[in-house]
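Asks: Below are the structure tokens for one structure; questions will follow.
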Amino acid sequence: MVNEETVFDVCDVSFAYEEKQPALEHVSLKVPAGESLVILGANGSGKSTLLNLLDGLYFPVRGTIAAFGKPLTEEALRDDEFNFSFRRRVGLVFQDSDVQLFSASVLDEVAFAPLQLGLAREEVNRRVEAALAALRIEKLRDRAPHRLSGGEKRRVALASLLTLQPDVWLMDEPTTGLDPRSQSWLIEFILEQRKQGRTMIVATHDLSVTEEIATSICVFSEDHQIVASGMPSDILNDHDLLHRCNLSHYHARVIK
């Protein structure tokens with residue numbers, strides 16, 4: 001059920017990779033529970049970096065991030081209890097499914113996460129079968145993930161997280177490389193998770209997908225900053241904003 005809890009509170013966060021090139025500059029946002037937030041920006045604007053920080057894979061060089069009301073820091077994640085709780089509640093779907101899949105079979109891949117929770121084997125089996133059915137990949141259970149198509153790999157990656165039953169889904173360019181039918185199915189999946197009260201945070205540059213799934217939007221400029229946030233209708237109708245952020249272009253008028 002959706003509540004008023006703030007899932008993430010990002011305050012004046014900046015981040016740079018080892019080569020010292022800025023990836024995020026003074027980013028602040030709050031994500032309420034149950035929101036379907038689209039992080040909209042051109043390639044290289046900082047969307048993926050922000051998701052990695054929200055998943056606790058990297059940490060800000062400046063500023064703070066709180067998750068579920070508690071500081072999300074390297075030190076905090078060294079605490080087994082906090083780390084276990086956070087990893088169960090938050091799941092990240094990478095843009096490249098090959099980065100996420102590593103098991104010998106789809107069945108092993110989907111079972112891996114709930115096994116790490118220490119659940120009884122019967123509960124693990126129940127969650128695995130439910131995830132295979134929800135993602136419509138029952139027939140793939142004995143296949144090797146690396147031999148699947150791009151769309152099949154994306155379904156397996158989603159199923160592996162679904163068994164965790166996370167409260168928050170972080171999704172990085174989830175429709176990349178998918179055919180139209182698979183894209184349509186993925187949009188339905190996101191909407192269903194939102195309907196169940198999950199918090200969805202989706203990074204994309206795809207305006208049509210954004211229109212389908214967003215309850216709110218924040219827009220990154222190519223300077224790695226959030227330059228606008230608000231309701232989908234306001235953001236998506238601001239054509240000057242989208243043009244400035246390299247998310248759309250004006251068609252040249254043909255003069256006859």
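Asks: Provide the percentage of antiparallel DSSP beta bridges, counting only those with both residues in segment 137-256; round to the nearest 5.
Replies: Of those bridges, close to 45 percent are antiparallel.
Asks: Let me ask another. Once you keep just the Cα pairs under 8 angstrom separated by 6 or more residues, what percentage relative contact order results for segment 6-244?
Replies: 28
Asks: Report the Rg/Rh value for segment 101-154, based on alpha-carbon coordinates and the Kirkwood definition of Rh.
Replies: 0.96
Asks: Calculate, in nm to one decimal, what Leu178 and Phe84 gain on full extension: separation in residues at 0.36 nm each, minus their alpha carbon distance.
Replies: Here the answer is 30.6 nm.
Asks: Here is a follow-up. Could you give the size of the charge dipole of the chain about its Cα centre, using +1 on the Cβ of each K and R and -1 on the Cβ of each D and E, expressed in debye and rounded to the nearest 20?
Replies: Value, rounded to 20: 700 debye.
Asks: Straight-line reach from Lys30: which aspartates and glutamates have a Cα under 19 Å away, not including same-chain ones fewer than 8 places off?
Replies: Once the sequence-local aspartates and glutamates are set aside, what remains near Lys30 is Glu4, Glu5, Asp9, Asp12, Asp55, Asp167, Asp172, Asp234.
Asks: Follow-up. Hey, if you put +1 on the Cβ of every Lys and Arg and -1 on every Asp and Glu Cβ in segment 6-244, which of Gln100, Cys11, Ser45 ends up farthest toward the positive end of that dipole?
Replies: Going by the charge dipole, the pick is Gln100.
Asks: Tell me which of Ser149, Thr175, Ala130 sits at the most positive position along the dipole axis of segment 119-185, charges placed on C-beta atoms (Lys, Arg +1; Asp, Glu -1).
Replies: Ser149
Asks: Kirkwood hydrodynamic radius, segment 117-256, all distinct C-alpha pairs: what's the number in Å?
Replies: Result for segment 117-256, one decimal place: 17.4 Å.
Asks: Give me the percent of Cα-Cα pairs in segment 6-244 that sit more than 24 Å apart, rounded to a whole number.
Replies: 46
Asks: Regarding segment 1-132, what are the three Cα extents along the principal axes, ordered largest first, in Å?
Replies: Sorted from largest, the Cα extents of segment 1-132 read 47, 33, 29 Å.
Asks: Which lysines does Lys20 reach when only Cα atoms under 25 Å apart count, and residues fewer than 8 places away in its own chain are ignored?
Replies: Counting by Cα, and skipping residues close in sequence, Lys20 has these lysines nearby: Lys47.
Asks: Further question on the same structure: Among all stretches of the chain without exposed chymotrypsin sites (Phe, Trp or Tyr not before Pro) (DSSP loop, at most 14 other Cβ atoms within 10 Å), which one is longest?
Replies: Between the exposed loop sites, the longest stretch runs 103-249.
Asks: Give me the percent of DSSP beta bridges within segment 6-244 that run antiparallel, rounded to the nearest 5.
Replies: Here the antiparallel bridges make up roughly 50 percent for segment 6-244.
Asks: Another one. Given a cut-off of under 8 Å on Cα pairs at least six residues apart, what relative contact order in percent is computed for segment 1-145?
Replies: 19
Asks: What lysines could a cross-link reach from Lys139, if we take a straight Cα to Cα line under 26 Å and drop same-chain neighbours fewer than 8 places away?
Replies: Partners found: Lys153.
Asks: Do any trypsin sites (Lys or Arg not before Pro) in segment 5-88 lie in a loop, going by DSSP, with at most 13 other beta-carbon atoms within 10 Å of their beta carbon, and if so which?
Replies: Those satisfying the criteria are Lys20, Arg78.
We did not get these values from a lab; they are worked out from the coordinates using the rules stated. Predicted model only: the values in this text are computed from it and were never measured. Positions of Cβ are generated from backbone atoms using ideal geometry, with glycine treated the same way; all protein chains shown enter the neighbour counts.
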